[in-house]
Each structure stands twice: as structure tokens, then as C-alpha cells.
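Here is the structure we will look at, set down as C-alpha cells.
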Amino acid sequence: MAALASRLWVLLLLSLILSLSAQANSPTGWRAQLPQASLVGSGDFSWFGFTVYNAKLWSPARQVNFEQPFALELTYRRSISRETLVDTSLDEIRRIDASALQGEREAQWAQHMRQAFVDVRDGTHITGVYLPGQGCLFYVDGKLQHEVDDPSFARAFFSIWLDPQTRSPKLRAALLGLNP
């Protein structure tokens, strides 16, 4: 009986070790969506000389476009309210493509962003994962915050950084790895 209990204890311990090992080796957070992603490029966005955030673009492919998945990670360097993030994002979407927010879209997309964003402070990470033909996922400090099942929203949102009409062409070039 003692030998059986000892064997069961060893099997239980071995099972626990294997389970913890598998968890340690599996990607978590947004990386679970893009386990093969590597850094394509990064840069800072500054406004009137103040760094607002650092941006990093991650993708399994070296040449990023809207035909494949990617992740855009923003690490904030300033405190900004959720509403300011929503309003600024809507303004930028409108500036790049005024027709994108026609009808009830603006209210729907604003609601998605309110669910996806938080009030940020220095060090807060918000990562958006673009999934072509599906939509996108938003993670705050590594935890899934909100999922948007709307490919039009996803493309318009990530165009803020990746469209040639972006407010910061230097940041776009840095993200896409186009700087020498």
C-alpha cells in the first residue's frame, strides 16, 4: 500500500512539473495570437517635444501589410484619459478617411474603443493585434481587454499608424523598418 501511494505521489508530482513546464513554454497574452512574431520596427511619438508613447510593431512577416496579422504595442510615457484616447483615435481615423465614420459607425467604434482602452499612465502597455478579415484584439498590460469583430474598424484603427497619410510619417517608417 505504501509503495502504491508513493508511486501515485511521484506521478502527481511529475504531472504537475510537466504542466508548469508547458505553461512556461507557451506564449501568453497577445503573443499567443502571434507566437512567431518578431520585432519589425519601433519608434517614439512625441507631441510638442514631449514623448507620448513608444510604439513597436511585431509580425511573423518582415514586410507588414493588411493581408497578414501583426501587433502594435504602445508603451505610454504620459497620463492620458481613456476619453482622450478615444477622441484622438476618432479624429485621426476621420482625418485619414472621412468616409470611414459614416452613419452609426462613429458611435459603435467609439464604444469599442471605450471598452478596449483604459486611462493610461507612464508605463501602461496597450497592444492591438490585427487579424485580417476578422477584426482585432486589445490587450492592456498583457491581459485581453476587448475583442472587436469588425474588419473595417481594425483596418481604420491601425491605419492611424500605418497609412501613408499618418500624422507621423517618421514613426510609420520606423515601425515598418524603412529607416536606414
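Worth pointing out:
- The lone criterion from (1) part of a loop (DSSP other than H, G, I, E, B); (2) at pLDDT 95 or above left unmet by Gly103 is number (2).
- The test for being out of contact with any strand residue (DSSP E or B) (no Cβ under 8 Å at 6 or more places or on another chain), over 19 Å from Ala55 (Cα atoms) and in a helix (DSSP H, G or I) holds for Arg95.
- Note on the range 109-159: among residues that are in contact with a Gly (Cβ under 6 Å, 6 or more places away or on another chain), under 22 Å from Leu39 (Cβ atoms) and free of Cβ contacts under 8 Å to residues at least 40 places away in the same chain, the one that is surrounded by the most Cβ atoms within 10 Å (Cβ to Cβ) is Cys136.
The values are calculated or read from the model by the stated rules, or taken from the named source; none is laboratory data. None of the values given here were measured: they were computed from a predicted structure. Cβ atoms come from the backbone with ideal geometry, glycine included; neighbour counts cover every protein chain shown.
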